[in-house]
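**Student:** Below is a structure I'd like to ask you about.
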Amino acid sequence: MNLTLKIWRQKDAQDQGGLVEYQVENVSTEMSFLEMLDVLNEQLVAKGQDAVAFDHDCREGICGMCSLMIDGQAHGPDKAATTCQLHMRRYKDGDTIVIEPFRAKAFPVVKDLVVDRSAFDRIQQAGGFVSVNTGNARDANGILIAHETAEKAMDAAACIGCGACVAACPNASAMLFVGAKVSQYALLPQGQPEREKRALSMRAAMDEEGFGHCTNEYECEAACPKGIKVSNIARLNREYLRATIVSD
Amino acid sequence: MQAAEAPAQAAPCRSCRAVEFLESSIGKKIMVALAGLFLCVFLLTHLAGNLILFLGGPAFDRYAQMLESNPLLPLAESGLVILFLIHIALAVRARLANMAARPVAYQVYKGKDARTPGSSTMALTGTLVLVFIIIHVATIKFQVGGAKGPDLFGHVTGWFHNPLYAGFYVVALIGVGLHLSHGVQSAFQTLGINHPRYTPMLKKLGAAFAILIALGFISIPIYFGFFNRAPATMQTNGSAMPIGPIGGAQ
Ligand code: HEM
Ligand code: FES
């Protein structure tokens, strides 16, 4: 099939940028969305033009590197899928597709469709860990955890930090990401010693990066490729309120 | 990563912690939600009081007199003003921060259908409610303009004889309904209340509350504006039984 692409081109962080129209021909329905962009880039390079910069790594939905706002939807139209898992069979001959970078003040554009998501790393470094002294390996079943609790913690830990929640949020809020990271530890006994400090520090780091306030629109949950639930946002609200009241 | 690198350490004192909470994104939203829920309690009592209009002039004026002669009324009114100020000030600040959080807008933004008519118009309906409240309080409480009846009942129903005024009430109250259709259930989430067993119930409760409040209030301008346009002084409904503590004492 043949497609018209309108892609956001921006030389660097300072450049104004804008949508540029491209035609791609002979796109197979078996291709992934990123492979389709690879085809476009080969055509551009063959013509001596600058290839479209976009992020990707594993191309199997586990690393969280790919991004893209496709026709106004983070990671495109599919549910619970990353852009690298989106296939061209979703489209038909003659379609026009608008491709933009994830947009937030905290995710500045580096080039074209590539944005800097290191704000997430800094939030994570503020408290998204448990401090463990090295020594002998503990017995695997030394700490008992109820199955339901383990499941909830694992569901939260499925977050790959891609930033689709921020991109999809009308307020560019990072609450789903931070909610998942806080929840995954708050639910488990290993997370308890740093529980309050974590909630306070990660909230502070999140606000410092300039993400928006959550107004419970739930576009984040709808866009999340890993199906992270907004109940994690409620838990973050609880954890932060609790930490504010009880911590020293 | 070592814990020592955590940037924002615990606030050094209790009051600093409170300030930090109120300045935080989550803290602001929690205060907006709490103030919003208290305002909902006010709406319920206000609706109950206003529905007494349907019992006719004497009953309504007795109710109004009972309210106005209550020495605690100024206290309740101040509380109400404070709730509004907290709700509006923090909601507006959150809104401004949210606009700043995405300086470059998308050329195309579609989302995945999670937003509702209520959720995507909160700032708009909130502003409409604010304009409504100013007009409502000015005309009804401070009696600015309008065809003055001999009593409060006559004054209120007299206003509704103006179709423009009654129509504005209907539009504004649809705005209140929309605001609440998102606001009530959203407030519970903001307060951290989300559970597979209760959340579906709370969402239904929020929708039912929004409909009850909107339809309940709208019935008043519709009835007195379009169906019962008898001169205000004639409103001595025979069914106006003594009600409330004052009526009972008579
Ligand atoms: C009787 C009057 C009102 C009631 C009962 C009410 C109730 C609520 C409730 C329950 C919320 C939800 C809080 C949350 O999401 O956590 C809310 C949010 C909000 N309200 Fe109000 N409100 C009223 C008047 C106003 C006014 C006068 C304004 C502004 C001028 C306003 C602006 C907002 C905004 C901007 C939000 C946040 C939007 C969001 O979370 O999506 N409200 N309101
Ligand atoms: S490239 Fe790794 S998740 Fe898409």
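Okay, residues lined up against (1) in contact with a helix residue (DSSP H, G or I) (Cβ under 9 Å, 6 or more places away or on another chain); (2) open to solvent by less than 10 Å² (accessible area, probe 1.4 Å); (3) away from ligand 1 (no atom under 16 Å from the Cβ); (4) modelled with pLDDT of 95 or more:
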{"position": "A:69", "(1), (2), (3), (4)": "yes, yes, yes, yes"}
{"position": "A:74", "(1), (2), (3), (4)": "yes, yes, yes, yes"}
{"position": "A:80", "(1), (2), (3), (4)": "no, no, yes, yes"}
{"position": "A:86", "(1), (2), (3), (4)": "yes, yes, yes, yes"}
{"position": "A:90", "(1), (2), (3), (4)": "yes, no, yes, yes"}
{"position": "A:96", "(1), (2), (3), (4)": "no, no, yes, yes"}
{"position": "A:101", "(1), (2), (3), (4)": "yes, yes, yes, yes"}
{"position": "A:109", "(1), (2), (3), (4)": "no, no, yes, yes"}
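**Student:** Restricting attention to segment A:49-87, report how many residues are assigned to a loop (DSSP other than H, G, I, E, B), within 14 Å of another protein chain (Cβ to nearest Cβ) and more than 14 Å from ligand 2 (Cβ to nearest atom).
**Tutor:** Of the residues in that region, 4 qualify.
A quick yes/no check of all residues on (1) within 16 Å of ligand 1 (Cβ to nearest atom); (2) on the phi > 0 side of the Ramachandran plot; (3) loosely packed, with under 12 Cβ neighbours inside 10 Å:
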position	(1), (2), (3)
A:6	no, no, no
A:22	no, no, no
A:38	no, no, no
A:48	no, yes, yes
A:60	no, no, yes
A:65	no, no, no
A:93	no, no, yes
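**Student:** Another one. So, residue B:24, is that one within 16 Å of ligand 1 (Cβ to nearest atom) and over 22 Å from the mean Cα position of the chain (by Cα) or not? Let's see the steps before the verdict.
**Tutor:** Working: within 16 Å of ligand 1 (Cβ to nearest atom): yes; over 22 Å from the mean Cα position of the chain (by Cα): yes.
The answer is yes for residue B:24.
**Student:** So residue A:172 ticks every box in (1) under 22 Å from residue B:17 (Cβ atoms); (2) within 7 Å of chain B (Cβ to nearest Cβ) but one. Which box is left unticked?
**Tutor:** (1)
**Student:** Within segment A:155-183, count every residue that is in a helix (DSSP H, G or I) and open to solvent by 30 Å² or more (accessible area, probe 1.4 Å). Give the derivation first.
**Tutor:** Here is the first cut: in segment A:155-183, the ones in a helix (DSSP H, G or I) are A:155-157, A:164-168, A:175-183.
Checking the rest, the ones that are also open to solvent by 30 Å² or more (accessible area, probe 1.4 Å) come to A:155, A:157.
Residues meeting the conditions: 2.
**Student:** Now for a different question. For segment A:216-232, name all the residues that are closer than 19 Å to residue A:107 by Cβ and within 11 Å of ligand 1 (Cβ to nearest atom).
**Tutor:** Hit for segment A:216-232 is A:217, nothing else.
**Student:** Please find, within segment B:27-36, the residue that is nearest to residue B:187 (Cα to Cα) out of those that are within 14 Å of chain A (Cβ to nearest Cβ) and touching a residue at least 24 places away in the same chain (Cβ under 8 Å).
**Tutor:** Step one: of segment B:27-36, the residues within 14 Å of chain A (Cβ to nearest Cβ) are B:27-34, B:36.
The next check asks that each one be touching a residue at least 24 places away in the same chain (Cβ under 8 Å); those that pass are B:28-34, B:36.
Details: B:28: 12, B:29: 8, B:30: 8, B:31: 10, B:32: 8, B:33: 5, B:34: 7, B:36: 8 Å.
The selected residue is B:33.
**Student:** Here is a follow-up. Which of the residues spanning segment B:94-123 are more than 9 Å from chain A (Cβ to nearest Cβ) and either touching a Leu at 6+ places or on another chain (Cβ under 9 Å) or in contact (Cβ under 8 Å) with a residue 40 or more places away in the chain (or both)?
**Tutor:** Keep residues of segment B:94-123 that are more than 9 Å from chain A (Cβ to nearest Cβ), which gives B:96, B:117-118, B:121, B:123.
Within segment B:94-123, B:117, B:118, B:121 qualify.
**Student:** Ok, one more. Restricting to segment A:112-127, name every residue that is open to solvent by 10 Å² or more (accessible area, probe 1.4 Å) and either in contact with an Asp or Glu (Cβ under 6 Å, 6 or more places away or on another chain) or of a type in the set (Gly, Ala, Ser) (or both).
**Tutor:** Once the filter is applied, which keeps residues that are open to solvent by 10 Å² or more (accessible area, probe 1.4 Å) and either in contact with an Asp or Glu (Cβ under 6 Å, 6 or more places away or on another chain) or of a type in the set (Gly, Ala, Ser) (or both), segment A:112-127 yields A:114, A:118.
**Student:** If you scan segment A:1-21, which residues turn out to be in a strand (DSSP E or B) and over 12 Å from residue A:36 (Cα atoms)? Please lay out each step first, then the result.
**Tutor:** At the first step, the residues of segment A:1-21 found to be in a strand (DSSP E or B) are A:3-9, A:18-21.
Scanning segment A:1-21 gives A:6, A:7, A:8, A:9, A:18, A:19, A:20, A:21.
**Student:** Quick one: residue B:106 ticks every box in (1) near ligand 1 (Cβ under 10 Å from one of its atoms); (2) within 30 Å of residue A:16 (Cβ to Cβ) except a single one, so which number is it?
**Tutor:** (1)
**Student:** Mind checking which pairs have a first residue in segment A:108-132 that is over 14 Å from residue A:55 (Cβ atoms) and aromatic (Phe, Trp, Tyr) and a second that is at pLDDT below 95 and part of a helix (DSSP H, G or I), Cβ under 8 Å, 6 or more apart or different chains?
**Tutor:** Close Cβ pairs satisfying both conditions: A:129/B:3.
**Student:** Can you tell me how many residues in segment A:207-248 are more than 7 Å from chain B (Cβ to nearest Cβ), surrounded by 20 or more Cβ atoms within 10 Å (Cβ to Cβ) and under 14 Å from residue B:20 (Cβ atoms)?
**Tutor:** 1
**Student:** Is it the case, given these coordinates, that residue B:224 is within 11 Å of ligand 1 (Cβ to nearest atom) and either within 11 Å of chain A (Cβ to nearest Cβ) or touching a helix residue (DSSP H, G or I) at 6+ places or on another chain (Cβ under 6 Å) (or both)?
**Tutor:** For residue B:224, the condition - within 11 Å of ligand 1 (Cβ to nearest atom) and either within 11 Å of chain A (Cβ to nearest Cβ) or touching a helix residue (DSSP H, G or I) at 6+ places or on another chain (Cβ under 6 Å) (or both) - is not met.
**Student:** Next question. Against the conditions (1) open to solvent by 60 Å² or more (accessible area, probe 1.4 Å); (2) away from chain B (no Cβ under 14 Å), where does residue A:28 fall short? Just the number, please.
**Tutor:** Among (1) open to solvent by 60 Å² or more (accessible area, probe 1.4 Å); (2) away from chain B (no Cβ under 14 Å), the lone unmet condition for residue A:28 is (1).
**Student:** Select the helices (runs of 4 or more DSSP H) contained entirely in segment B:106-195, then report the ones holding at least 1 residues which are modelled with pLDDT of 95 or more and farther than 30 Å from residue A:220 by Cα.
**Tutor:** Working: elements: B:122-136, B:152-160, B:163-190.
The qualifying helices (runs of 4 or more DSSP H) are B:122-136, B:163-190.
The values are calculated or read from the model by the stated rules, or taken from the named source; none is laboratory data. Since this is a predicted model, take the numbers as computed values, not measurements. Ideal geometry is used to build each Cβ from the backbone, glycine not excepted, and the neighbour counts take in all protein chains shown. Areas reflect the complete protein model, heavy atoms only, side chains present, ligands, DNA and RNA absent. Shrake-Rupley method; radii C 1.70, N 1.55, O 1.52, S 1.80 Å.
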